[in-house]
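Chemist: Have a look at this one before I ask anything.
Taken together, the values in this text are just the output of simple stated rules run on the coordinates, not laboratory data. Since this is a predicted model, take the numbers as computed values, not measurements. So basically every Cβ, Gly included, is an ideal-geometry build from the backbone, and we count neighbours across all protein chains shown.
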Amino acid sequence: MENSITESYYKFIQEKYNCQTSEELLGKKYSLPEAFGKGNFTMMQIEEGIDLARSEADGIEFNFNNKKLTQGILELGYCYSGELIISTSPGSKQYKLKAGDSFIYKMLNKVNSFKFEYNNLKAISIHLNFALLKENINQSWSQQLVNEWQQNMAEIFTNDILLINKSTYQLQQLAEEIDKISVKNMLDYLRLKVKTIEFITDFLQEKLRLKANKTEEVDYKQVAKAKAIIKADLENVPSVDDLAASLKVSNYILQKNFKQITGDTVYKYVQQVRVKEAEYLLKNTDKSILEITHQVGYHNPSKFASLFKKYYQLTPLKYRKLVLN
């Protein structure tokens, strides 16, 4: 196998702990001497650009220099049991991977070093080298797929380099199936390859789905803020451009989200709120029709009367007389 980030990591463990190594059908197994704790790590190459690592370790603690790594590898996986505590430097941020968790990690980052603490851990991790994977893609499609991949990764890693979540039932089942496969022949290898790729695709699809749902929640908050701004001063409602600018989004995005969530355009919503407020004032105050017209943001009483009648089938004056009687 070509030297890679993952191979460098396990080579580091081998040299630090004087591990015994043994050749496996698809890769290499590293076994720790008992003096340093309990553990073994097996790295297998599923295909060019996809490695699978199995880890079982307890009582091991070490620091790993991350500054020399320059390859854009993506790591994702699942924890069967135990715990892995990961601390970063600089920043002193701490992550905990526990039984039933899945994780995804972007190896190309600004962290100088990591501290790893293994506590009765059993886990798998899959490493994707997209630079190698895209070499097998038709060149006419290559750039398009690279752009799509980069966009998807940017959406997943918006705020952090390592994301840990409770696994879905489907991912748990796939991880369990991978764990049960012992590669002794070609059929075993093919089964492992299929399940590994299935785990990758299901994992990434789930991450992107969750990200899309989160984006949708943000859109609801955005529209809620827009509504609050509109209702705060009906006499001086900002233009759609000014409203979008105050929310730090484009006019197009605001209109799109508003329509999707409320079913109306911003303009239509403003109309509805103004007419509803006017209807309340007509019923509950002694203000004149002209005062109410101005208070809800209209300067032409005739135009306002026509709009009000469109919603309530009566002019403001006739509506007031009706409700008062």
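Chemist: Enumerate the calculated ³J(HN,Hα) couplings along the range 106-111 in order (Karplus 6.51 cos²θ - 1.76 cosθ + 1.60, θ = phi - 60°), each rounded to whole Hz, writing x wherever the residue is Gly or Pro.
Modeler: Taking θ as phi minus 60°, the curve returns 9, 5, 7, 8, 9, 6 Hz for the range 106-111.
Chemist: Leaving out same-chain residues fewer than 8 places away, which lysines sit with a Cα under 23 Å from that of LYS134?
Modeler: Within the straight-line cut-off, LYS134 pairs with LYS106, LYS193, LYS195, LYS207.
Chemist: Please give the helix 5-17 orientation as an angle from the longest Cα principal axis of the chain, in degrees from 0 to 90, rounded to the nearest 10.
Modeler: 50
Chemist: Quick check: the angle from helix 301-312's long axis to the longest principal axis of the chain, C-alpha only, nearest 10 degrees?
Modeler: With rounding to tens, the tilt is 60 degrees.
Chemist: Over the range 268-324, calculate the relative contact order: mean separation of alpha carbon pairs under 8 Å at least 6 apart, over the residue count, as a percent.
Modeler: About 32 percent, as a whole number.
Chemist: What is the distance in Å between the Cα centroid of the range 69-125 and that of the range 27-56?
Modeler: 15
Chemist: May I pose another question? Helix 186-232 versus the longest principal axis of the chain: what angle, 0 to 90°, nearest 10, using Cα atoms?
Modeler: For 186-232 against the chain, the angle is about 20 degrees.
Chemist: Quick one: what does P(r) look like for the range 268-324 with 5 Å bins over all Cα pairs, in whole %?
Modeler: Pair shares across the bins are 4, 23, 37, 27, 8, 1.
Chemist: Answer with one residue from VAL270, THR315, SER239: the one whose Cα lies farthest towards the positive end of the charge dipole of the chain, charges on Cβ with Lys, Arg +1 and Asp, Glu -1.
Modeler: THR315
Chemist: Right, next: If the convex hull of the alpha-carbon atoms of the range 92-131 is projected onto planes in all directions, what is the mean projected area in square nanometres? Can you show the working numbers first?
Modeler: Details: hull surface 15.4 nm².
One quarter of the hull surface, i.e. the mean projection, equals 3.8 nm².
Chemist: Aspartates and glutamates near LYS318 by alpha-carbon distance under 19 Å, same-chain residues fewer than 8 away left out - which ones?
Modeler: GLU277, GLU279, ASP286, GLU291
Chemist: Longest segment of the chain with no GluC sites (Glu not before Pro) in a DSSP loop having at most 15 other Cβ atoms within 10 Å? Intermediate values should be presented prior to the final figure.
Modeler: Numbers: sites that count: GLU2, GLU24, GLU48.
With a cap of 15 other Cβ atoms within 10 Å, the longest stretch comes to 49-325.
Chemist: Can you tell me how much longer the chain between ASN120 and GLN150 gets when fully stretched, taken as 0.36 nm per residue apart minus their C-alpha distance, in nm with one decimal? Write out the running numbers ahead of the final one.
Modeler: Values: separation 30, 0.36 × 30 = 10.80 nm, distance 3.52 nm.
Computed gain between ASN120 and GLN150 is 7.3 nm.
Chemist: So what's the back-of-envelope 222 nm ellipticity for the chain, counting only DSSP H runs of four-plus at -39500 (n - 2.57) apiece and dividing by all residues, rounded to 500?
Modeler: On the way: 11 runs with 160 residues, N = 325.
Value at 222 nm, helices only, nearest 500: -16000 deg cm²/dmol.
Chemist: Still on this structure, I have one more. Under a no-solvent Debye model with one identical scatterer per Cα of the range 220-325, what's log10 I(q)/I(0) at q = 0.14 Å⁻¹?
Modeler: Results for the range 220-325 at q = 0.14 Å⁻¹ read -0.58.
Chemist: Report, please, the projected area of the range 5-167 averaged over directions, based on the convex hull of its C-alpha atoms, in nm².
Modeler: Working: hull surface 39.4 nm².
Averaged projected area of the range 5-167's Cα convex hull equals 9.8 nm².
Chemist: Just to be sure I follow the definition: excluding the sites themselves, where is the longest run in the chain that has none of the trypsin sites (Lys or Arg not before Pro) in a DSSP loop with at most 11 other Cβ atoms within 10 Å? Before the final figure, lay out the partial values.
Modeler: Working: sites that count: LYS67, LYS68, LYS110, LYS184, LYS248.
Excluding the exposed sites themselves, the longest stretch runs over 249-325.
Chemist: Can you tell me the Rg and Dmax of the chain, counting just the alpha carbons, in angstroms?
Modeler: According to the Cα coordinates of the chain, Rg and Dmax are 30.1, 95 Å.
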